[in-house]
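The structure under discussion appears below in the form of structure tokens.
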Amino acid sequence: MVGDDPASLIYAKAKRKVAGELGMGFAFFPLAAATSEADVIKVIEELNAAENTHGIMLELPLPAPIKKERVMAAVSPLKDVDGMHPVNRGYIMSGEEGLFPATPQSCIEIMLRSGVEIAGKHAVIVGRGETVGKPLVFLMLRQQATVTVCHSKTPDLGLFTRQADILIAAAGKVNLITKNMVKPGAVVIDAGVNETPEGICGDVDFAGVREIADWISPVPGGVGSLTTAIIMRNVLKGMAWQRRMSR
Ligand code: NAP
């Protein structure tokens, strides 16, 4: 973590807690906001080379002068538990195995564990961000869904969302998805996290949409509550990958 972003600190502490519960070693590297890009990369390179380190996660955002793309590309793809390295971004598209971002994986895990059938369904994803919407497109294609992607330039969002068997919101906009935008019987997954004076909420008007959806994931207590566990699963996946590569 570079700097003192309060949300990053919460996420880092959550990972330390879960790692402790799992009996997994954990080290936290808080670097001052003024740390140079070269010095951040140096820390990462040391961790890349360390045999007792199997996963590296860079908390975002990074302070402005640092180019996040350069720092992310410095993490070994085999230890990139956040799935942000260009190699892993390529693997997600090509259908090969790799380490993929946790939040889109959480969206899928929630559905699979709830017995929702994804294959052959029309999934509409609202948001094409690099951490959630875009990787989710490729993970949903792997699950054999037909995928439509909407974003801020989509005219008449409801026209698209009403066609969804599975509607996934990943836009970061409070109450973006309302009851009149959802097909009765749809599965609605809310990946949005928005801070409001009343507390954390998602992108979906939960109270309204739950009346007509078959399944709906709450915020908080839905997608976000799984992501730390999935990051830890990525550590194990990365560890197996590192062992295969060292043979
Ligand atoms: P992002 O990079 O900011 O992307 C947001 C996307 O939403 C963009 O593609 C944007 O369209 C689209 N959008 C914004 N307003 C819209 C509107 N009115 N109608 C349709 N599309 C709209 O965000 P992100 O990093 O992908 O994250 C998305 C959400 O997931 C955020 O709420 C974030 O907090 C949350 N999140 C949750 C977790 C978790 O653990 N649960 C983890 C990471 C992120 P354009 O591309 O046209 O701008």
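Which one of the conditions (1) in contact with a helix residue (DSSP H, G or I) (Cβ under 8 Å, 6 or more places away or on another chain); (2) modelled with pLDDT under 95 does E195 fail to meet, given that it meets all the rest?
E195 satisfies every listed condition except (1).
Pairs please, first residue from the range 66-92 and of a type in the set (F, W, Y), second anywhere and open to solvent by less than 10 Å² (accessible area, probe 1.4 Å) and at pLDDT 95 or above, Cβ atoms under 6 Å, 6+ apart in sequence or on different chains.
The qualifying pairs are Y91/G98.
So, in the range 69-89, how many residues would count as being surrounded by fewer than 22 Cβ atoms within 10 Å (Cβ to Cβ) and not charged (D, E, K, R)?
From the range 69-89, those surrounded by fewer than 22 Cβ atoms within 10 Å (Cβ to Cβ) are 69-74, 76-77, 85-87, 89; that's our starting set.
Now restrict to residues that are not charged (D, E, K, R): 71-74, 76-77, 85-87.
The total comes to 9.
Could you tell me which residue of the range 127-142 is nearest to the ligand (Cβ to nearest atom), considering only residues that are among the aliphatic types (A, V, I, L, M) and either open to solvent by less than 40 Å² (accessible area, probe 1.4 Å) or under 16 Å from I177 (Cβ atoms) (or both)?
Keep residues of the range 127-142 that are among the aliphatic types (A, V, I, L, M), which gives 132, 136-137, 139-141.
Restricting the remaining residues to those that are either open to solvent by less than 40 Å² (accessible area, probe 1.4 Å) or under 16 Å from I177 (Cβ atoms) (or both) gives 132, 136-137, 139-140.
Working: V132: 4, L136: 9, V137: 11, L139: 14, M140: 15 Å.
Result: V132.
Of all the residues that make up the range 150-177, how many are farther than 23 Å from S114 by Cβ and not aromatic (F, W, Y)?
As a first pass, look at the range 150-177 and keep what is farther than 23 Å from S114 by Cβ: 150-160, 172-175.
Of the ones still in play, those that are also not aromatic (F, W, Y) are 150-159, 172-175.
Here the count works out to 14.
Do we find that L159 is within 15 Å of the ligand (Cβ to nearest atom), among the hydrophobic types (A, V, I, L, M, F, W, C) and without any contact (Cβ under 8 Å) to a residue 12 or more places away in the chain in this structure?
Working: within 15 Å of the ligand (Cβ to nearest atom): yes; among the hydrophobic types (A, V, I, L, M, F, W, C): yes; without any contact (Cβ under 8 Å) to a residue 12 or more places away in the chain: yes.
In short, yes.
Can you tell me which of I92, I44 is modelled with pLDDT of 95 or more, open to solvent by less than 50 Å² (accessible area, probe 1.4 Å) and over 16 Å from T131 (Cβ atoms)? Lay out the reasoning, then the answer.
Values: I92 fails: over 16 Å from T131 (Cβ atoms).
After applying the criteria, what remains is I44.
Could you check A145 against (1) more than 24 Å from N194 (Cα to Cα); (2) near the ligand (Cβ under 10 Å from one of its atoms); (3) of a type in the set (G, A, S) and say which number it fails?
Single failed check for A145: (2).
Looking only at the range 9-32, which residues are surrounded by 15 or more Cβ atoms within 10 Å (Cβ to Cβ) and over 14 Å from I231 (Cβ atoms)?
Result: L9, F29, L31.
So is L47 more than 16 Å from the ligand (Cβ to nearest atom), more than 30 Å from P218 (Cβ to Cβ) and without any contact (Cβ under 8 Å) to a residue 40 or more places away in the chain or not? Before the answer, list the steps.
Details: more than 16 Å from the ligand (Cβ to nearest atom): yes; more than 30 Å from P218 (Cβ to Cβ): yes; without any contact (Cβ under 8 Å) to a residue 40 or more places away in the chain: yes.
Criteria met by L47.
Hey, can you tell me all the residues within the range 196-215 that are without any contact (Cβ under 8 Å) to a residue 60 or more places away in the chain and within 15 Å of the ligand (Cβ to nearest atom)? Break it down into steps so the answer makes sense when it comes.
Filtering the range 196-215 down to residues without any contact (Cβ under 8 Å) to a residue 60 or more places away in the chain leaves 196-202, 204-214.
If the condition is that a residue be without any contact (Cβ under 8 Å) to a residue 60 or more places away in the chain and within 15 Å of the ligand (Cβ to nearest atom), then T196, G199, I200, C201, G202, V204, D205, F206 are the ones that fit.
Among the helices (runs of 4 or more DSSP H) confined wholly to the range 25-129, which include 2 or more residues that are farther than 30 Å from G202 by Cβ and of a type in the set (D, E, K, R)?
Of the helices (runs of 4 or more DSSP H) lying wholly inside the range 25-129, those with at least 2 residues that are farther than 30 Å from G202 by Cβ and of a type in the set (D, E, K, R) span 37-49.
Checking the structure you have, find out if any residue of the range 113-126 is surrounded by fewer than 22 Cβ atoms within 10 Å (Cβ to Cβ), acidic (D, E) and either in contact with a helix residue (DSSP H, G or I) (Cβ under 7 Å, 6 or more places away or on another chain) or modelled with pLDDT under 95 (or both). Give the steps one after another, and end with the answer.
Of all residues in the range 113-126, those surrounded by fewer than 22 Cβ atoms within 10 Å (Cβ to Cβ) come to 113-122.
Then keep just the ones that are acidic (D, E); that gives 117.
Then drop every residue that is not either in contact with a helix residue (DSSP H, G or I) (Cβ under 7 Å, 6 or more places away or on another chain) or modelled with pLDDT under 95 (or both), which leaves none.
No, that holds for no residue.
List every residue pair whose Cβ atoms lie under 6 Å apart, where the two residues are 6 or more positions apart in sequence or sit on different chains, the first residue falls within the range 102-126 and is touching a residue at least 40 places away in the same chain (Cβ under 8 Å) and away from the ligand (no atom under 15 Å from the Cβ), and the second residue, located anywhere, is open to solvent by 30 Å² or more (accessible area, probe 1.4 Å) and among the charged types (D, E, K, R).
K121/D165; H122/D165
Would you mind stating whether I231 is within 18 Å of the chain's Cα centre (by Cα) and more than 10 Å from the ligand (Cβ to nearest atom)?
Numbers: within 18 Å of the chain's Cα centre (by Cα): yes; more than 10 Å from the ligand (Cβ to nearest atom): no.
It is false that I231 is within 18 Å of the chain's Cα centre (by Cα) and more than 10 Å from the ligand (Cβ to nearest atom).
Where in the range 151-196 are the strands (runs of 3 or more DSSP E), entirely inside, with at least 2 residues that are surrounded by 17 or more Cβ atoms within 10 Å (Cβ to Cβ)? Don't jump to the end; show me each part of the working.
Values: elements: 166-169, 187-190, 194-196.
Because the criterion is at least 2 residues that are surrounded by 17 or more Cβ atoms within 10 Å (Cβ to Cβ), the strands (runs of 3 or more DSSP E) in the range 151-196 that meet it are 166-169, 187-190.
The values are calculated or read from the model by the stated rules, or taken from the named source; none is laboratory data. Computed from a predicted model, the values in this text were never measured in an experiment. Cβ sites come from the backbone with ideal geometry, for glycine too, and all protein chains shown count toward neighbours. Calculation scope for accessible area: heavy atoms of the full protein, side chains included, ligands and nucleic acids excluded. Shrake-Rupley method; radii C 1.70, N 1.55, O 1.52, S 1.80 Å.
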